[in-house]
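First up is the structure itself, then whatever we jot down about it.
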Amino acid sequence: MVGELAGNYSTVVMMFGFAIVAMAPALIISRMISPRKRSNPVKFLPMECGQVPSGEGRTHFMMQYYPYILMFVVFDVMAIFLYAWGSALLELPKTATLPMMGFLAIMFGAMAFALYQSGRRRIW
Amino acid sequence: MSVIAPNFKLSEFIKSLIDNAFWFLLIGVLVGLPAVFIVLFVIELPIINGELLTPFLALTWMTDPTRILPIVHAFMATDLFRVMIFPGFGFAALLAAGTIFAERKMLAKLQLRVGPFYCGKFEGILQLMGDGLKLISKEIIIPAKADKPIFWAAPVLFVAAAASFVAFIPVAPGWVVADVDVGLLGVFAVIGFFPIITILSAWSANSKFPFIGGIRALFQMVSFEIPLILSLLGVVMLTGSLNLSFIAASQSSFPWIVFLPIGAIVFYITMLAELERIPFDLPEAESEIVAGWLTELSGMMYGLVQLGTYLKLYAFAALFVVLFLGGWNGPMVVPPFPAELLANGIELGPVTANVSGLPLFTQEMLNGTLWFVLKTVAVIFFILLPRGVFPRIRIDMLLNLGWTKLIGLAFVNIFIALGLLYSGVLGPGGLQ
């Protein structure tokens, strides 16, 4: 049973694998026929518009919009929960919609609060 | 005047070519041929005309056109054909390559330029091939402090993720690589991989511009994933299924865009953002951060990312067609095959041989593919068009748009779908 369900997805994995098998040779052929001469340390510096790079490449970065990532973690799962309801809606009795409206109201409230908090730049 | 390659020596170039040819031959003979034999004798071969197809029979039949057609039929029924050629990688890559060329010509016309012109006799039609040759023969330069395995793997993974997105798209009735019951959720799962691959590539480059671009791409893709998911819920509610083939087949009388135009608009805008296209091309903003997360990618690695991007573009356009524009449904325009062709096959060649087993595809499949391709090309045109029209917007405007306006509109769309169901317009006892 589980094997059958997983077997449906084998073609997706085949597609993934075929793309790797078909595309990796492009990199290998490119590596074989492209010139690789006259190496010097400047050539392998990270691109910084002609300047000599200063400091770390992975710099500390002000995550001004970090709350949106946190919101994504919560609301993505909630959006997927809605699919479980939406795909079964035609078979459900009409009364089953009421709790979903409650769920949506909670979701709206939570999202409004989260958006309000993410708008307060001083606390981030 | 600059000299292009001052140290270029023809003799060395020819020597390198011959060297490579030698290694190809050696490896091909020592590894390739045994591999072919092992594969031919291990895999299960089909039964054709009452005979088990052995490698010997396959090789002898290949010289005879009347006998090769059963082999082609047997091959077309396999998963391998679907993955490699028709609804899968080959078909999608062909459309993606066409999109790249069409985009360059169209953008040039919009900006009163000429675009690719000299390569090939007609309107620079061979430009893409020239670009490919250029990219594959360029040196791949990797920054010294980069995380090399991840940096090498990221472009290949990007193409592979885009290809597995393509796997879910039904092109014609029955012609889909992966016909799964929760295809739409599978699509969401695959879309979730793109920000991860992007941030991996950006992080492993160990350079500032890719890092900033990768962070921007992460914010953008992640923020627009929720309106993307919510805007498609209306279609799922009206159809009652997550199977993409079923959703496409359910639109035989009218496409869902007639009833859910708001959902279609929201999906179109989120599609532009997920594809990092103008006006949402912040991750690649070339006037601010060189080329964003693509800055350190050179040569064929950049080419692979480009191919993956356009495969993803095709897949998104095809998803829009399947969900909102009716997929393969359309009036029958392909003429029926002549009766004698179906009964007797065609007469062929100087020595008259009767080739049966034609046609390879059914009329419904050709018609479906034609309508699907026409609609997909139209949607791709509308995805390309904003690039010539709009400026780039700021990141706070982008996040505000995604998190307040688009999510609000997506919920309006859900309530429209609910209203249509409960007022009896659609659903059981409704129009269908």
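The values are calculated or read from the model by the stated rules, or taken from the named source; none is laboratory data. Just so we're clear, the structure is a prediction, and the values are computed from it rather than from any experiment. Cβ: placed from backbone, ideal geometry, glycine included. Neighbour counts: every protein chain shown.
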Review point. So, of the residues in region B:169-181 that are crowded, with 19+ Cβ neighbours inside 10 Å and more than 7 Å from every other protein chain (Cβ to nearest Cβ), which turns out to be farthest from B:F267 (Cα to Cα)?
Key: B:W175
Check your understanding: Hey, any hits in region B:199-220 for a residue that's more than 8 Å from every other protein chain (Cβ to nearest Cβ), under 25 Å from A:N8 (Cα atoms), part of a helix (DSSP H, G or I) and of a type in the set (A, V, I, L, M, F, W, C)?
Key -> no
Check your understanding: Would a scan of region B:327-343 turn up a residue that is in the same structural domain as B:A264 (by TED's automatic domain parsing), surrounded by fewer than 23 Cβ atoms within 10 Å (Cβ to Cβ) and at pLDDT 85 or above?
Key -> yes
Point to revise | Flag if A:I69 is within 7 Å of chain B (Cβ to nearest Cβ) and under 20 Å from B:A189 (Cα atoms) | key: yes
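If the requirement is being over 25 Å from the mean Cα position of the chain (by Cα) and in contact (Cβ under 8 Å) with a residue 12 or more places away in the chain, which of these qualifies: A:M100, A:M71, A:M78?
On the way: A:M71 fails: over 25 Å from the mean Cα position of the chain (by Cα); A:M78 fails: over 25 Å from the mean Cα position of the chain (by Cα).
None of the others qualify; the one that does is A:M100.
Residue-by-condition table, conditions (1) among the charged types (D, E, K, R); (2) out of contact with any Lys or Arg (no Cβ under 7 Å at 6 or more places or on another chain); (3) within 22 Å of B:Y310 (Cα to Cα):
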residue: B:L40; (1), (2), (3): no, yes, no
residue: B:F56; (1), (2), (3): no, yes, no
residue: B:R104; (1), (2), (3): yes, yes, yes
residue: B:K109; (1), (2), (3): yes, yes, yes
residue: B:G130; (1), (2), (3): no, yes, yes
residue: B:L133; (1), (2), (3): no, yes, yes
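Listed residues B:V190, B:V180; which is closer than 20 Å to B:M84 by Cβ, in the same structural domain as B:G234 (by TED's automatic domain parsing) and not in a helix (DSSP H, G or I)?
Details: B:V190 fails: not in a helix (DSSP H, G or I).
Result: B:V180 is the single residue among B:V190, B:V180 that is closer than 20 Å to B:M84 by Cβ, in the same structural domain as B:G234 (by TED's automatic domain parsing) and not in a helix (DSSP H, G or I).
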Exercise for review: Go through region B:101-137 and give me each residue that's of a type in the set (A, V, I, L, M, F, W, C) and not in a loop (DSSP other than H, G, I, E, B).
Suggested key: B:F101, B:A102, B:M106, B:L107, B:A108, B:L110, B:L128, B:M129, B:L133, B:L135, B:I136
Check your understanding: Of all residues in region B:373-400, which are in a helix (DSSP H, G or I) and over 24 Å from B:L325 (Cβ atoms)?
Key -> B:I395, B:D396, B:M397, B:L398, B:L399, B:N400
**Study point:** Residues located in region B:379-404, provided they are under 27 Å from the mean Cα position of the chain (by Cα), of a type outside the set (A, V, I, L, M) and buried (at least 20 other Cβ atoms within 10 Å of the Cβ)
**Key:** B:G402
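Here is a check on your reading of the model: is B:R277 assigned to a helix (DSSP H, G or I), at pLDDT below 90, more than 20 Å from B:N413 (Cα to Cα) and among the basic types (K, R)? Quick ask: steps written out before the conclusion?
On the way: assigned to a helix (DSSP H, G or I): no; at pLDDT below 90: yes; more than 20 Å from B:N413 (Cα to Cα): yes; among the basic types (K, R): yes.
So B:R277 does not fit the description; no.
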Point to revise | Among the candidates B:L185, B:L238, residue that is in a helix (DSSP H, G or I), buried (at least 24 other Cβ atoms within 10 Å of the Cβ) and within 12 Å of chain A (Cβ to nearest Cβ) | key: B:L238
Review point. How many of the residues making up region B:59-113 are surrounded by 16 or more Cβ atoms within 10 Å (Cβ to Cβ) and charged (D, E, K, R)?
Key: 5
Review point. Of the residues that make up region A:74-92, is at least one within 11 Å of chain B (Cβ to nearest Cβ), within 25 Å of B:W403 (Cβ to Cβ), of a type in the set (D, E, K, R) and in contact with an Asp or Glu (Cβ under 7 Å, 6 or more places away or on another chain)?
Key: yes
Revision key, fill the gap. Within region A:43-66, the residues that are at the interface with chain B (Cβ under 7 Å from one of its Cβ atoms) and modelled with pLDDT under 75 are A:G57, A:T59, A:F61, A:Y65
**Study point:** Output for region A:82-97, where each listed residue is surrounded by 11 or more Cβ atoms within 10 Å (Cβ to Cβ), assigned to a helix (DSSP H, G or I) and more than 31 Å from the chain's Cα centre (by Cα)
**Key:** A:A96
Practice item. Just one of (1) under 30 Å from B:I289 (Cα atoms); (2) of a type in the set (G, A, S); (3) modelled with pLDDT of 90 or more trips up B:G402, so point out which. Key: (3)
Study note, to complete from the structure: B:L80 fails exactly one of (1) touching a residue at least 60 places away in the same chain (Cβ under 8 Å); (2) of a type in the set (A, V, I, L, M, F, W, C); (3) not assigned by TED's automatic domain parsing to the domain that holds B:V171, namely (1)
Check your understanding: Name the residues in region A:14-40 that are more than 25 Å from B:S16 (Cβ to Cβ) and within 7 Å of chain B (Cβ to nearest Cβ), would you?
Key -> A:M14, A:M15, A:F16, A:F18, A:A19, A:I20
Practice item. Among the residues of region B:247-261, write down those that are surrounded by fewer than 17 Cβ atoms within 10 Å (Cβ to Cβ) and closer than 23 Å to B:F224 by Cβ. Key: B:P261
